[in-house]
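The values are calculated or read from the model by the stated rules, or taken from the named source; none is laboratory data. A quick note: this is a predicted structure, and the numbers were derived from the prediction, not measured. Cβ: placed from backbone, ideal geometry, glycine included. Neighbour counts: every protein chain shown. What goes into the accessible areas is simple: the full protein's heavy atoms, side chains included, and nothing from ligands, DNA or RNA. Shrake-Rupley method; radii C 1.70, N 1.55, O 1.52, S 1.80 Å.
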Amino acid sequence: MLAKPLCETSVVLSDINFLFVRSRTVAYEANINKPMKKSNSKRIRGGVLSSPDDAPAGATGSFSADYTKAGEDLVWKPDAITYQLAIEAAGVGAWDRVLATDVVTICPMMARLLDLPPHAASLHADEWRKMILPEDLPFVESAVTAFIDSDQPFSLEYRVRTRHGRIVWLLVRGTFVLNQHGNPVRVTGVSVDITDRKKAEEAAQASEQRYRALTDLNPDGILVCQEHRCAYANHAAASIFRVGRVSELIGRTAADFFEPEAATALHENLHLLLEQGLEAPLATLAAKRADGEHAYIQATFGKVVWEGRPAVQITVRDITEHKQLQDQLRITSERLKLAIEGVGEGIWDWNLVADTYSVSDSLKHMFGWTDTDHETEHINWRQLIHPDDFRRVNAALFSCIRGETRIYECEFRLKETTDRWKWVLGRGVVVAWDCSGAPTAMTGTICDITARKESEEQIWRHANIDPLTGLPNRRMFRDQLDAEIRKAHRSGKELAVLYLDMDGFKQVNDLFGHEAGDQLLAIASLRLKGCVRESDIVARLGGDEFTVVLSNLDYQGHLDFLCEKILTVLAQPFNIGANSAHVTASIGIALYPVDGLEGNELGRKADHAMYAAKAAGKNQFCYFTRAMDETAHTRLRMSNALHHALPLDQLSIHYQPIVNLRNGRIAKAEALLRWQHPSLGDIMPSAFVPLAEENGLIGQIGTWIFQEAALKSRQWSKLTGENFQVSINKSPVQFMERDIESDWLTYLANMNIPCDSLVIEITEGMLLHASSRVMDRLLEFRSAGIQIAIDDFGTGYSSMAYLKKFKIDYLKIDRSFIHDIDKDQDSRTIVETIVVMAHKLGMKVIAEGIESQAQARLLADAGCDYGQGFFFSAPVLAETMERMLQTPSADKKE
């Protein structure tokens, strides 16, 4: 390393020596080699004023000085000894070089600096030059030459190699001594060993270079501040604050790059470090870049020494993007929280390590918890979760924790503070793991699904439970029956399916109303459940039909006993309000596996057996037989064929004349339906009319009959020249029709047919138990002019009040009374009584089933108005009926 001139900040002692060399070189030289002369001045010694004679001549190591009195003042004047002591104490070596001889004279201290013997007093300039390191020698010679030309003192730093091979840094200062002509003749000066200082400087410089290298490579910004101003900055800091060069940061204060509040906080942190010696906390400061853009800076502070003075190093990191992401995440989190809580979901966090929980306000509100309840404490979920649900919830939760499932999801019941159970949907995920991969935290939501569960239960009940009786409905019964069949298959035991139909229920419904009927069904369901075991199934299929499934049957005798018990309890009176209703039951039985292996098959066969029990007289039970199956198949075939009977012209209307018993003339006719099937043959109305009512065809067929009869009434009225009435039978089901096609009154008006051309025949049972709808329709027909006839009068329950209320036009005495009228006095009395009663009520009488002249004469003698039966004519087609009207009638009374 080349030596270089010292700057003005060199060691103070060297500056003193330099001044000393310039002013006192010659005197020093003289005094060092000559004995001291006596003077009149006094000498201060050891701080005491004394005479020069007090000290021995040439004494060294003493602190003495000459002084001269000038008036009243003492002027201190150091002597050579003083200078010698000073330079030895400071380790300063003196030298003098004569330019003419190139001999350098050195003092003992200088010899010691160069590792020369203490007695060495001089050396040649070449020897001196050889001691200078070769790399420093050119610099030294050029510097000395420059100083000679400028006639100025010089100061140099360079290295020499001593006699022992040491490399020593010397601070050399000298001046040139001129002769009287102004030419330099000597160079005299001093040297100081500055090796330690140079090493320290080199170490400091190396440390600074390493510091700069590290800071320049550091991605974080580094600022070094002294006296609140920036003394150093790295390139990262320049990039953070968006300045073009690092130098633009030097000398700037915090106010130049930070918002006012941030600048104040920065100054406070610097004060903590420099003035109070305290640690400054990590700070997030709002900054303003050179381009005007705002930023967020994270700053850490540390105390350092910079160029020998205390300073603070500030490490800055641009967290603007991170802060923005945090803000966005916070906003998103708040939005998510609002969205979740907005739909009624509560949020929970679980620290798996500490086993503590944190719950949102909405979750607290959901269960009535206070603000301090269950916030960060241990929650005993076992006390809150329904006992029936806890194991299922626990299994689902730990399945997620173990990583077997990605998301925990479970529906369960939680207890409110009011001890009411709420259905909730719990969801959660693991959100944190430790270094070994074990989960440490979970988060999730709880949603109140009580309303949904209640709705689902309600939907399930509507789909599976009969709302009137609380029994399983048809759908649920099918599922339960299939399950019982599977059990019976595994156990090898029999199973019985019972179908029950309430006999006489319709009459109760019509007599007391539908509410009374509903009460009867509810009571009947309780009675049925009381007859069977808890493991047996009781269901309501609809209407007044019930079913019972008896499992694990050991012998048929138990089944017979049970059926008798059911018939007995159902035959007991039903107390409904102030009324008492009586019904019975018909039971059909099908057995597994004898009668079938599937639920549908067993149900169908039990239904067939039930109809067989009804046909056998009701209030009894009947087992399924193969013959029933054949009958049922025939009935099903007939029902299917009935859908096509009208379009295929298989249905026809026959008309049976109604004769005036006084003159024997045909006065009216009854329209009777017939069905001629190509393979089943002639099918009687009693066989297919109930089927038409069941499958909804009765309305269409009845309307067709009505329209045909109305047209024939108009045609035959023209033929006979007087109003010719046609009677038609109307089923109760037809009264419920509201179709335009079934609006008979509209049809009659459109066809210009008088309403009194038709007579509607109904049974007395229908009139007695008529619903409000039937009653309204009857009154509507009666008001329009259509006449009403009671068919089969005397076979059911009669009510004189209804006969009066509806102003019935005709009573038709049932054939059962006519059959024995000529042989049985009681029958004749009943007929005569009916005729008298009817006439007194303003009604006319038609006798059905007249088969002989005697019967016709007795009825006429009793005052009966009209007669109908095979004695007069069997039902005939319309063409035949028309010919009969054109032919004069014989006097049947004769």
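So the values come out like this:
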item: At R0 = 35 Å, FRET efficiency that the Cβ-Cβ distance of residue 253 and residue 201 yields, to 0.05; result: 0.70
item: Net length gained if the chain between residue 178 and residue 327 were fully extended (0.36 nm per residue, minus Cα distance); result: 45.5 nm
item: 529, 364, reordered so the largest accessible area comes first (probe 1.4 Å); result: 529, 364
item: Rounded D (µm²/s) - region 518-647, Kirkwood Rh over Cα pairs, Stokes-Einstein at 37 °C, 0.692 mPa s; result: 203 µm²/s
item: Using θ = phi - 60° and Karplus 6.51 cos²θ - 1.76 cosθ + 1.60, couplings along region 565-572 (whole Hz; Gly, Pro as x); result: 5, 5, 4, 5, 5, 7, 7, 5
item: Pairs beyond 21 Å (Cα-Cα), from 506/614; 506/812; 506/844; result: 506/812; 506/844
item: Per-pair calculated FRET efficiency, R0 = 35 Å: residue 580 and residue 454 via Cβ, rounded to 0.05; result: 0.35
item: Exposure rank, largest accessible area first [421, 381; 1.4 Å]; result: 421, 381
item: Solvent-accessible surface (1.4 angstrom probe) belonging to residue 491, in square angstrom, nearest 10; result: 70 Å²
item: FRET E, pair residue 479, residue 411, Förster distance 22 Å, beta-carbon r, rounded to 0.05; result: 0.50
item: For peptides 843-853, 387-397, sequence by mean Cβ density within 10 Å, most packed first; result: 843-853, 387-397
item: Amide H contacts of residue 124 (H built 1.01 Å from N, under 5 Å, at least 5 apart or other chain); result: 104
item: Carbon/sulfur fraction of accessible area - region 816-894, other protein chains in place, 1.4 Å, %; result: 52 percent
item: Listed peptides 715-722, 569-576 by packing density, highest first (mean Cβ within 10 Å); result: 569-576, 715-722
item: Accessible solvent surface per residue of region 502-586, calculated while the other protein chains remain in place, 1.4 angstrom probe, Å²; result: 46 Å²
item: Nearest-10 value in Å² for the accessible area of residue 705, using the 1.4 Å probe; result: 30 Å²
item: Phi to ³J(HN,Hα) by Karplus 6.51 cos²θ - 1.76 cosθ + 1.60 over region 353-363, Hz, x for Gly, Pro; result: 6, 8, 6, 10, 10, 10, 10, 6, 4, 5, 5
item: Rel. contact order, % - alpha carbon contacts under 8 angstrom, at least six apart, region 168-295; result: 14 percent
item: Hydrodynamic radius by Kirkwood, which averages 1/r over all alpha carbon pairs of region 642-688, in angstrom; result: 12.3 Å
item: Spacing of the two label points (7 Å from each Cα toward its C-beta) at residue 486 and residue 438, in nm; result: 4.3 nm
item: Stretch gain in nm, segment residue 853-residue 830, where the contour uses 0.36 nm per residue and the Cα spacing is subtracted; result: 6.3 nm
item: Inter-label distance for residue 398 and residue 152, nm, one decimal - labels placed 7 Å from Cα along Cα-to-Cβ; result: 9.2 nm
item: Region 142-237 - percent of accessible surface contributed by carbon and sulfur, probe 1.4 Å; result: 52 percent
item: Largest-first ellipsoid semi-axes for region 426-537, taking √(5λ) over the Cα gyration tensor eigenvalues, angstrom; result: 48, 24, 10
item: Whole-percent carbon and sulfur share, accessible surface of region 593-647, 1.4 Å; result: 54 percent
item: Ordering of 88-96, 509-517 by burial proxy (mean other Cβ atoms within 10 Å per residue, highest first); result: 88-96, 509-517
item: Residue-by-residue Karplus 3J(HN,Hα) for region 595-605, coefficients 6.51, -1.76, 1.60, Hz, glycine and proline x; result: 9, x, 10, 10, x, 4, 5, 5, x, 5, 6
item: Length gained when the stretch residue 102-residue 300 is fully extended (0.36 nm per residue, less Cα-Cα span); result: 65.0 nm
item: Whole-number accessible area per residue in Å² for region 349-437, which is evaluated in the context of all protein chains at 1.4 Å; result: 61 Å²
item: Exposure ranking of 478, 626, 163 by accessible area [1.4 Å probe, largest first]; result: 626, 163, 478
